[in-house]
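This report concerns only the one structure given below.
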Amino acid sequence: MKNLPPLKSLNVFLSAAKNESFKAAAEQLYVTQAAVSQQIRLLEEHLGCQLFDRNSKQTKLNKKGLLLMPYIEQAFEQISHGVNAVSLEPNANELRITALHSVTSTLLIPKISEFQELNPHLSVQFYPNNRLDSFENNDVDIAIRRGLGNYPGLESRKLIDDSIVMVVSPLIFKDDEANPLNIFKLPLLEDISSDIQEAINSCCEQYNIQANKLTSKLKTTDSMPIIQSAVAGQGIAFVSKILVAEYIKNGHLINPLNYAFNSPRTLYLVALPHHFKWDKVKQFEKWIKNVLVT
């Protein structure tokens, strides 16, 4: 431990290495470029070797620097996790997520192993719920809700724009039934949520279909049984495109009329404002946004 270089010089080294520029590192650390050069020089003197190849156009790590960088980067990550563990962030090694049943089943459970591989120190716990729980009373870190993003006392961050699509299983849809009249003869698996109803009425109007003449086989505000029933070939459904994207991709559902209704409602991350400052929540927000756009 006595032979370790100063922590400050290691932090400056990491910034300069990532930016490939002493100038950019100085701007990031709010110090002068001369101060960055001095810290790098002190570190190199301490180690007895140069870490950068310097020229007038660019500053890059040499072989020694490339060897050192991943160790320093990992060390600072561990320090960050340790600080979080003893700071105001409770249960720093646990991420507690409450989400709609449909979001938990279709988006989170099938893909959460990817998040855990990226964050092996975190234990993820799900609390499926169609209500917006109180964060203070339920020890919830982050919520995913579908709506307009207006949740009093909470901060909400939009994840992605959404649309409502018509879907049906290829088990009951045939190519020669692509006529809208044939499609609407199928039973309707009906979500009675307001924006879904708007989508149904808009689609019927577009194809000169009387919405009140549709045969409704199932009525609920929960998307999950509707999606499951649609996949099983029990009728047509109007659902959030986000929730059925994988089903459409793997061919379990199709959009027979290529119909989409732009919805004002979409998925939001919701939490108390200070939760978004926690490292575990930041990591989850970054991951879930990437999942939704790919």
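The values are calculated or read from the model by the stated rules, or taken from the named source; none is laboratory data. These numbers were taken from a predicted model, which means no experiment stands behind them. Glycine gets a Cβ as well: all are built from the backbone with ideal geometry, and neighbour counts include every protein chain shown.
Annotations
- Which numbered condition VAL291 misses (of (1) buried (at least 20 other Cβ atoms within 10 Å of the Cβ); (2) β-branched (Val, Ile, Thr); (3) under 21 Å from GLN116 (Cα atoms)): (1)
- Cβ-Cβ under 8 Å pairs, at least 6 apart or on other chains, the stretch 7-36 side closer than 12 Å to PHE52 by Cα and assigned by TED's automatic domain parsing to the domain that holds GLU73, far side among the charged types (D, E, K, R) and in a helix (DSSP H, G or I): LEU14/GLU73
- Every pair of residues 6+ apart whose Cβ atoms lie under 6 Å, when the first sits in the stretch 186-202 and is farther than 25 Å from LEU171 by Cα while the second is part of a helix (DSSP H, G or I) and modelled with pLDDT of 90 or more: none
- Among the residues examined, VAL270 does not qualify as in contact (Cβ under 8 Å) with a residue 60 or more places away in the chain and touching a His at 6+ places or on another chain (Cβ under 8 Å).
Residues checked against (1) assigned by TED's automatic domain parsing to the domain that holds THR104; (2) closer than 20 Å to VAL244 by Cα; (3) at pLDDT 90 or above:
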{"position": "PRO152", "(1), (2), (3)": "yes, no, no"}
{"position": "ASP176", "(1), (2), (3)": "no, no, no"}
{"position": "GLU190", "(1), (2), (3)": "no, yes, yes"}
{"position": "CYS203", "(1), (2), (3)": "no, yes, yes"}
{"position": "ALA211", "(1), (2), (3)": "no, no, no"}
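- Any hit, the stretch 217-239, residues being assigned to a helix (DSSP H, G or I), farther than 26 Å from ALA99 by Cβ and either of a type in the set (Val, Ile, Thr) or touching a Phe, Trp or Tyr at 6+ places or on another chain (Cβ under 6 Å) (or both): no
- Residue within the stretch 249-266 that is under 30 Å from LEU118 (Cα atoms), in a helix (DSSP H, G or I) and modelled with pLDDT of 90 or more present: yes
- For the stretch 39-71, a residue qualifies if it is in a helix (DSSP H, G or I) and surrounded by fewer than 17 Cβ atoms within 10 Å (Cβ to Cβ), and the qualifying residues are ARG41, LEU42, GLU45, HIS46, LEU47, LYS63, LYS64, LEU66, LEU67, MET69, PRO70, TYR71.
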